[in-house]
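Below: the structure, in structure tokens.
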Ligand code: FES
């Protein structure tokens, strides 16, 4: 079965950005899609810029379809260097349009990346609260 993926989707699928594990991550988000069984992890390293917390570094691992990989790769590019607040606003439509669109039946895959990013940020916030700062 062939799917009409945009050139950008194929580029990110073949050459994903920021792929890999991060051992000393400040926050980890893991999200799975119960329908297809695909799973993704997003790891973030949080730094400070102008007194604001920013995503200094970000990595991902995805066990999933072409869209899931392309979408997570693009999400890491969009989030890197942004403040946590800005990153939480990255939604699936932003990612899909940055990839010049996804086939309609693949739109559900694009939810995973922004959800995993949100989960990673929440994980970070939970951890820092526990430390008392
Ligand atoms: Fe599972 Fe795309 S088919 S994330």
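Values quoted throughout were computed directly from the atomic coordinates according to the rules given, and no laboratory measurement underlies them. Note that the structure is predicted; figures quoted are calculated from it, not measured. Glycine also receives a Cβ, built like all others from the backbone with ideal geometry; neighbour counts cover every protein chain displayed.
Averaging the Cα positions of each part gives two centres, and for the range 85-133 and the range 37-68 these lie 8 Å apart. Summed over qualifying helices (DSSP H, 4 residues or more, each -39500 (n - 2.57)) and divided by its residue number, the chain shows a 222 nm mean residue ellipticity of -13500 deg cm²/dmol.
Take the chain, connect every pair of alpha-carbon atoms lying under 10 Å apart with a spring to form a Gaussian network, then pick out the residue of 93, 24, 123 with the largest mean-square fluctuation. Highest fluctuation among the options: 24. The shape of the range 55-108 comes out oblate: with a ≥ b ≥ c from the C-alpha gyration tensor, a/c is at least 1.5 while a/b does not beat b/c. Taking the fewest neighbouring Cβ atoms within 10 Å as the starting point, the ordered list for 67, 87 is 87, 67. Note on the chain: with a GNM built from Cα contacts shorter than 10 Å, the maximum mean-square fluctuation among 65, 36, 109 falls on 36. In the chain, the longest principal axis of the Cα atoms and the axis of helix 107-130 are about 10 degrees apart. In the chain, the convex hull through the Cα atoms has an average projected area of 8.1 nm², a quarter of its surface area.
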